[in-house]
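A.B. asks: Sharing a structure here in structure tokens format.
The values are calculated or read from the model by the stated rules, or taken from the named source; none is laboratory data. Quick caveat, the model's predicted, so the values are computed rather than measured. Here the Cβ positions follow ideal geometry from the backbone for every residue, glycine too, while neighbour counts run over all protein chains shown. Quick note on the areas: whole protein, heavy atoms, side chains included, nothing else; ligands and nucleic acids left out. Shrake-Rupley method; radii C 1.70, N 1.55, O 1.52, S 1.80 Å.
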Amino acid sequence: MNILILNSGSSSIKFQLIEMPSEALICSGLIERIGNDDAVLNYKTTSTSIKQTDAIKTHNEGLQKIVELLLDPEKGVIKSTDVIKIVGHRVVHGGNSFSSTTLITDEVKKDIQKYAALAPLHNPGNLQGILVAEAFFPLAKQVAVFDTAFHRTIPEKASKYAIPNELYEEQGIQLYGFHGTSHQYVSEKAIEYLKLKTSKIISIHLGNGCSMTAIKDGKSIDHSLGFTPSNGLIMGTRSGDIDHGIIYHLVHNLGYTVEKVKDVLTNKSGMLGLTGFGDLRDIEAEAEKGNSNCILALEMNAYRIKKYIGAYVSTMNGLDAIIFTAGIGENSSVIRRLACTDMDFFGIELDEAKNELKSKELREINTKNSKVKVLVIPTNEELEIAKQAYQLLY
Ligand code: ADP
């Protein structure tokens, strides 16, 4: 059976067609810059690879292009849209309402809209994707997989903030967590690979957004992002943890508007703010040349990861494995090395040579004697969405 996976952002649609239960990838692609005359469409099957620039003004036009490609007599992979039985949607914020994968109804759509207030950059695009998919695939079941769902098992002592109770009870201000689909996918892979019956795992997702999760016996019990995807690790353009007193200082003493504070902390901070570069590859190249800002930024980045490892080891009272995943986690041997240096007290010992090996497969990069396994596991959020949608309905 064919499942279409859609990850719709505010100006992008990422898609994959996956056959279940074989998990075979039939085709994949991405449209970026929706809303512009020069939107870019990438599409790949086992025999075709296309990149084209086109005017794609709306999500509706974007999905129209995708459907045309899927049905194309030469480059396409299906004969009729009816063969797509399920459309699985990534939805970033499910608030308190969704602790698992859900069949989309009018009520569910209303909730996704409601939680747009908590994820303004993501939920509106996700909902837009659902609405256009319903029109193009009227016979398919539409399923939502929420990034927040995996973290609903975090106990209150970790998910509540120490602020007045009514803000939690009446306004829902608490840790929700993000990247749940990725943390769930890689931690399940690790448990399977290590054949663990009980498990204490720290999953480290390092992409443009970065987060860490403490996962005990397959369940998220603590996580570094919070009410919004701002907390915790140093990210591409986001600061991660800061003293919130800085916000009042910026507003009251330095005359920043609240909007400007948000822009600075969300879009101009993190690795970009520290170095002038948003892409870690550029920062590593500059650090090689001796750029002291870049060297320090890499050290700061790894230091923050180490602090969270320490916190989560104490939270779980032990550790079987740490996992590096996503663009930086899978590719940056530098960040992995810095984050695992001088961690032998915790039983983490990196094999430098294995760390340098490039591969797209799950791999173990610890020394033979390391008590804790250090794994690099390529994440696959789309496959996880397909698995969960399939399990829900079959
Ligand atoms: P997103 O969070 O948008 O899904 P990704 O998981 O694709 O992001 O990660 C993007 C990040 O991965 C970028 O900061 C990029 O610099 C980094 N990255 C990708 N390839 C490499 C590499 N070979 N070495 C270091 N960093 C890399």
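A.B. asks: Taking only protein heavy atoms and a 1.4 Å probe, what accessible area per residue, in Å², does the stretch 263-304 have with all protein chains in place?
C.D. replies: Values: 2310 Å² over 42 residues.
So the stretch 263-304 comes to 55 Å² accessible per residue, rounded to a whole number.
A.B. asks: Quick one: accessible surface of M235, probe radius 1.4 Å, all protein chains present, in square angstrom to the nearest 10.
C.D. replies: For M235, the solvent-accessible surface is approximately 0 Å².
A.B. asks: If you count only protein heavy atoms and use a 1.4 Å probe, how large is the accessible surface of D106, to the nearest 10 Å²?
C.D. replies: 110 Å²
A.B. asks: Give me the number: length gained by fully extending E68 to D342, i.e. 0.36 nm times residue separation minus the C-alpha to C-alpha distance, one decimal in nm.
C.D. replies: My answer for the length gained is 93.3 nm.
A.B. asks: Could you check which residue among V251, V145, V186 shows the biggest mean-square fluctuation in a GNM of the chain with a 10 Å Cα cutoff?
C.D. replies: Comparing V251, V145, V186 in a Gaussian network model of the chain, the most mobile one is V251.
A.B. asks: Check which residues have an amide H placed less than 5 Å from D72's amide H, if you skip close sequence neighbours.
C.D. replies: V77
A.B. asks: In addition: Thinking of the stretch 230-342 as a set of Cα atoms, what percent of all their pairs are more than 21 Å apart?
C.D. replies: That fraction is 44 percent.
A.B. asks: Using only Cα atoms and rounding to the nearest 10 degrees, what angle (0 to 90) does helix 258-267 make with the longest principal axis of the chain?
C.D. replies: Here the helix axis deviates by roughly 90 degrees.
A.B. asks: What percentages, rounded to whole numbers, describe P(r) for the stretch 61-172 computed over all alpha carbon pairs with 5 Å bin width beginning at zero?
C.D. replies: Taking every Cα pair in the stretch 61-172, the percentages come to 2, 11, 18, 19, 16, 12, 9, 5, 4, 3, 2, 1, 0.
A.B. asks: What's the tally of Lys pairs in the stretch 194-267 whose alpha-carbon atoms lie under 16 angstrom apart, where the two lysines are 8 or more places apart or on different chains? All intermediate terms of the calculation are to be shown ahead of the outcome.
C.D. replies: On the way: K195/K216; K197/K216; K197/K219; K200/K216; K200/K219.
Going through the stretch 194-267 pair by pair, I get 5.
A.B. asks: Using a 1.4 Å probe on the protein heavy atoms only, what accessible surface does V83 show? Give it in Å² to the nearest 10.
C.D. replies: Accessible area, nearest 10 Å²: 60 Å².
A.B. asks: What percent do you get for the relative contact order of the chain when only Cα pairs under 8 Å and 6+ apart count?
C.D. replies: 14 percent
A.B. asks: Hey, what do the phi angles of the stretch 367-372 turn into as Karplus ³J(HN,Hα) couplings, whole Hz, using 6.51/-1.76/1.60 and θ = phi - 60°, x for Gly and Pro?
C.D. replies: Once θ is set to phi - 60°, the couplings for the stretch 367-372 become 6, 4, 8, 4, 5, 9 Hz.
A.B. asks: Short version: ³J(HN,Hα) in whole Hz for each residue of the stretch 111-121, in order, from phi by Karplus 6.51 cos²θ - 1.76 cosθ + 1.60 (θ = phi - 60°), x for Gly and Pro, what are they?
C.D. replies: 3J(HN,Hα) across the stretch 111-121, in whole Hz: 5, 4, 5, 4, 7, 4, 4, 8, 9, x, 7.
A.B. asks: Report the net charge of residues surrounding G180, where surrounding means a beta-carbon distance below 10 angstrom and charges are Lys +1, Arg +1, Asp -1, Glu -1.
C.D. replies: Result for the local shell: -2.
A.B. asks: Can you pull a Stokes-Einstein diffusion coefficient for the stretch 127-258 at 20 °C (1.002 mPa s), Rh from Kirkwood over Cα pairs, as a whole number of µm²/s?
C.D. replies: Approximately 125 µm²/s, per Stokes-Einstein.
A.B. asks: Distances longer than 19 Å among the Cα atoms of the stretch 281-394: what percent of all pairs is that?
C.D. replies: 53 percent
A.B. asks: Something else now. Only helical DSSP H runs with n ≥ 4 go in: add -39500 (n - 2.57) per run for the chain, normalise by residue count and round the 222 nm mean residue ellipticity to 500 deg cm²/dmol.
C.D. replies: -11000 deg cm²/dmol
A.B. asks: With all protein chains present, how much of the accessible area of the stretch 17-171 (probe radius 1.4 Å) comes from carbon and sulfur, to the nearest whole percent?
C.D. replies: 50 percent
A.B. asks: On to the next question. Over all directions, the average projected area of the alpha-carbon convex hull for the chain comes to how many nm²? Walk me through the numbers before you get to the answer.
C.D. replies: Values: hull surface 84.4 nm².
Mean projected area of the Cα convex hull: 21.1 nm².
A.B. asks: Post the alpha-carbon centroid distance, the stretch 264-297 to the stretch 327-392, in whole angstrom.
C.D. replies: 23 Å
A.B. asks: In whole Hz, with x marking every Gly and Pro, tabulate ³J(HN,Hα) for the stretch 52-57 from phi via Karplus 6.51 cos²θ - 1.76 cosθ + 1.60, θ = phi - 60°.
C.D. replies: For the stretch 52-57, the Karplus curve yields 9, 10, 8, 7, 10, 8 Hz.
A.B. asks: What share of Cα pairs, in percent, lie more than 13 angstrom apart in the stretch 323-370?
C.D. replies: Tail of the P(r) past 13 Å holds 52 percent of the pairs.
A.B. asks: At 1.4 Å probe size, with every protein chain present, just tell me what the per residue accessible area of the stretch 154-238 comes to in Å².
C.D. replies: It amounts to 42 Å² per residue over the stretch 154-238.
A.B. asks: Considering the chain as a Gaussian network with a 10 Å cut-off on Cα pairs, which listed residue, D147, D243, D282, attains the greatest mean-square fluctuation?
C.D. replies: D243
A.B. asks: How many lysine pairs are close in the stretch 49-192, with Cα atoms under 16 Å apart and the two 8 or more places apart or on different chains? Mind dumping the intermediate values first?
C.D. replies: Details: K51/K65; K51/K75; K57/K65; K65/K75; K65/K79; K85/K141; K109/K141.
Close lysine pairs under the 16 Å cut-off: 7.
A.B. asks: Protein chains only, probe 1.4 Å: how do F178, F345, F136 rank by accessible area, largest first?
C.D. replies: Largest accessible area first, the list is F345, F136, F178.
A.B. asks: If you rank T341, T198, T367, T46 by how much accessible surface each has, with a 1.4 Å probe, what is the order from largest down?
C.D. replies: Result, largest first: T46, T198, T341, T367.
A.B. asks: Quick one: net charge around A39, please, counting Lys, Arg +1 and Asp, Glu -1 for every other residue with C-beta under 15 Å from its C-beta.
C.D. replies: In short, -1.
A.B. asks: Further question on the same structure: Using only alpha carbon pairs under 8 Å that are at least six residues apart, calculate the relative contact order of the stretch 279-368 and give it in whole percent.
C.D. replies: Relative CO of the stretch 279-368 lands at 21 percent.
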